[in-house]
Number of protein chains: 2
Amino acid sequence: MEKINLAQAFTAFSDYWSPRVAGDINTFQIKLAKFRGTFDWHHHEHEDELFLVIAGTLRMHFRDRDIDVDAGEFIIVPHGVEHCPEALGDECHVVLLEPNTTLNTGHVTSDRTVHTPLRI
Amino acid sequence: MEKINLAQAFTAFSDYWSPRVAGDINTFQIKLAKFRGTFDWHHHEHEDELFLVIAGTLRMHFRDRDIDVDAGEFIIVPHGVEHCPEALGDECHVVLLEPNTTLNTGHVTSDRTVHTPLRI
């Protein structure tokens, strides 16, 4: 059992759209991810997802609107809701909270799908 | 679906040791809590708990050691592990991530037990 410093943990990796598992809470996981540019449209059949922005701004696109999430803010995307994350500016750092069954690309498989995320 | 600004949400309540539910992620909840002074020793039979410190310093006492968790740091306390949270200094603001079955006082019932936490 150790504490984790978020700022420090984000220096431990540099690739984008490749979440790192930073801890397990029962069947849930806390993951850290760096976003740059725009991801793929997808939804998750069963899993809700919490996005807490640590640095930068995340624009979450939905089919009917966009929501800009700044550092110190979070949004929960319910399962079944199509969304497409985009990092505004250079990049953004995001903490994800979601069931450990969650695939980053949801119902879509692409070359950005990470089946077994690395651990911090 | 709305974003939540943590700093703003923490201004919405002022009582201590009384977590507010700020969102549901499947069977999990994100809760906000203000800590002041020292809580009660307890453990959770089944639930792991993540404590992410937003402001101030949380000293988490365990039977064999203490861990000081500062703003921007988190710690996960596994189920079954006895712990006693203490706010160092004036107060600390904490984001909790845990199953929605989690009672704040764990296996102990006291006048600080919150059976049905309010929502932000």
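The values are calculated or read from the model by the stated rules, or taken from the named source; none is laboratory data. Computed from a predicted structure; not experimentally measured. Cβ: placed from backbone, ideal geometry, glycine included. Neighbour counts: every protein chain shown. Accessible surface areas use protein heavy atoms only, side chains included; no ligands, DNA or RNA. Shrake-Rupley method; radii C 1.70, N 1.55, O 1.52, S 1.80 Å.
Given the conditions (1) in a loop (DSSP other than H, G, I, E, B); (2) within 13 Å of chain B (Cβ to nearest Cβ), and given that A:Val95 satisfies all but one, which numbered condition is not satisfied?
Unmet condition: (1).
Kindly indicate which of A:Thr109, A:Thr102 is out of contact with any helix residue (DSSP H, G or I) (no Cβ under 8 Å at 6 or more places or on another chain), part of a loop (DSSP other than H, G, I, E, B), of a type in the set (S, T, N, Q) and buried (at least 21 other Cβ atoms within 10 Å of the Cβ).
A:Thr102
Is there a residue in the stretch B:33-49 that is under 27 Å from A:Thr101 (Cα atoms) and among the hydrophobic types (A, V, I, L, M, F, W, C)?
No, the stretch B:33-49 contains no residue that is under 27 Å from A:Thr101 (Cα atoms) and among the hydrophobic types (A, V, I, L, M, F, W, C).
Return the residues of the stretch B:21-33 that are open to solvent by 30 Å² or more (accessible area, probe 1.4 Å) and touching a residue at least 12 places away in the same chain (Cβ under 8 Å); say none if nothing qualifies.
Of the residues in the stretch B:21-33, the ones open to solvent by 30 Å² or more (accessible area, probe 1.4 Å) are B:24, B:26-27.
Matches in the stretch B:21-33: B:Asp24, B:Thr27.
Show me the strands (runs of 3 or more DSSP E) found entirely inside the stretch B:1-63 where at least 2 residues are small (Gly, Ala, Ser) and within 11 Å of another protein chain (Cβ to nearest Cβ).
Ranges flagged: B:20-25.
Every residue in the stretch B:34-79 that is among the small types (Gly, Ala, Ser) and either buried (at least 20 other Cβ atoms within 10 Å of the Cβ) or without any contact (Cβ under 8 Å) to a residue 24 or more places away in the chain (or both), please. Steps first, please.
The initial filter retains those residues of the stretch B:34-79 that are among the small types (Gly, Ala, Ser), namely B:37, B:55-56, B:71-72.
Scanning the stretch B:34-79 gives B:Ala71, B:Gly72.
I'd like the full set of residues that are more than 25 Å from B:Thr11 (Cβ to Cβ), away from chain A (no Cβ under 11 Å) and either in contact with a Cys (Cβ under 7 Å, 6 or more places away or on another chain) or open to solvent by less than 10 Å² (accessible area, probe 1.4 Å) (or both), limited to the stretch B:80-92.
First, the residues of the stretch B:80-92 that are more than 25 Å from B:Thr11 (Cβ to Cβ): B:80-84.
Next cut, away from chain A (no Cβ under 11 Å) only: B:80, B:82, B:84.
The answer is B:Cys84, and nothing else.
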